[in-house]
Amino acid sequence: MKRRGVPIDFEEGLAVTCLALLVAITLLNVVTRYLTAQSFAWTEEISIFLMVVMTLAGAGAAAARDRHIRIEFFYEGGSAKRRRTLRIVACCVTGMLFAALALLSARMVADELRWGETTMGLGVPRWWYTIAIPLLSAAVAARCLALAWRTARTEPGA
């Protein structure tokens with residue numbers, strides 16, 4: 001079956017890039033700590049950002065492929081119509097959850113902009129890190145709702 005829509009290469013590439021940067025930064029911190037008994041304080045700040053972006057990018061790719069966690073006992077135990085219904089419900093609920101996360105995190109970013117919050121490690125504006133959360137959460141929500149739409153348009157058992 002040929003997939004239409006936005007390719008998932010972006011999410012996969014973003015997740016792989018974040019993981020590679022995370023490994024490099026962590027290795028640099030470990031070597032520096034071993035050789036000098038000092039730690040780079042900024043590495044934790046950037047590592048947390050990279051982990052959040054990697055997680056949300058991976059969630060978007062998983063949603064596009066219909067690979068989110070489900071309880072196979074209930075899913076596989078029924079008819080094709082039941083599996084289709086469960087897939088649609090799960091996609092809609094997941095999409096609504098990530099849409100709510102996008103809205104709430106957008107409010108958080110707005111507050112950080114308004115109050116001029118900065119990070120403790122590097123002293124940069126905090127929204128530089130948190131702006132990715134509402135954007136990627138909205139992308140995951142869109143992926144989930146698109147999968148629900150595609151599933152609803154297919155015939156049961158197809």
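Nothing in this text is a laboratory measurement; each read-out follows from the coordinates by a stated rule. Fair warning: this is a prediction, and the values are worked out from it, not measured in the lab. Glycine gets a Cβ as well: all are built from the backbone with ideal geometry, and neighbour counts include every protein chain shown.
Taking only alpha carbon atoms, the range 16-68 gives an Rg to Rh ratio of 1.16, where Rh is the Kirkwood radius. A simple spin-label model places the labels of D66 and F10 2.3 nm from each other, with each point 7 Å out along Cα-to-Cβ. If you fit an axis through the alpha-carbon atoms of helix 80-115 and take the longest principal axis of the Cα set of the chain, what angle between them do you get, 0 to 90°, nearest 10? In the chain, helix 80-115 runs at an angle near 30 degrees to the longest axis.
For the chain, the ratio of Cα radius of gyration to the globular rule of thumb 2.2 N^0.38 Å stands at 1.30.
Here the gap between L135 and L21, fully extended at 0.36 nm per residue and compared with their Cα-Cα distance, gives a gain of 39.0 nm. Mean residue ellipticity at 222 nm, helices only, the chain: -26000 deg cm²/dmol; runs of at least 4 DSSP H residues each add -39,500 (n - 2.57), and the sum is divided by the number of residues. Panel order for I133, I48, I88, by other beta carbons found within 10 Å of each beta carbon, from fewest to most: I48, I88, I133.
May I ask you to sort M54, M108, M120 by Cβ crowding, counting other Cβ atoms within 10 Å and putting the fewest first? Going from sparsest to densest Cβ surroundings: M120, M108, M54. Could you tell me how far the Cα centroid of the range 113-137 sits from the Cα centroid of the range 18-77, in Å? The two parts, judged by their Cα centres, are 18 Å apart. Helix 9-36 versus the longest principal axis of the chain: what is the Cα-based angle in degrees, 0 to 90, to the nearest 10? The two axes meet at around 30 degrees.
Spread over its residues, the convex hull of the C-alpha atoms of the range 67-131 is 99 Å³ per residue. Using C-alpha pairs under 8 Å with a sequence gap of at least 6, the mean separation divided by the residue count of the chain gives a relative contact order of 28 percent. Amide H to amide H, with H built 1.01 Å from N, T118 comes under 5 Å of R126, counting only residues 5 or more places away or on other chains. Using the alpha-carbon atoms, what tilt in degrees (0 to 90, nearest 10) does helix 42-65 show relative to the longest principal axis of the chain? Helix 42-65 sits roughly 10 degrees off the main axis of the chain.
Test of understanding: given the chain, find the longest segment containing no trypsin sites (Lys or Arg not before Pro) that are in a DSSP loop and have at most 14 other Cβ atoms within 10 Å. Answer - 71-158. As a proxy for reagent exposure, ranking S79, S47, S105 by other Cβ atoms within 10 Å from fewest up yields S79, S47, S105.
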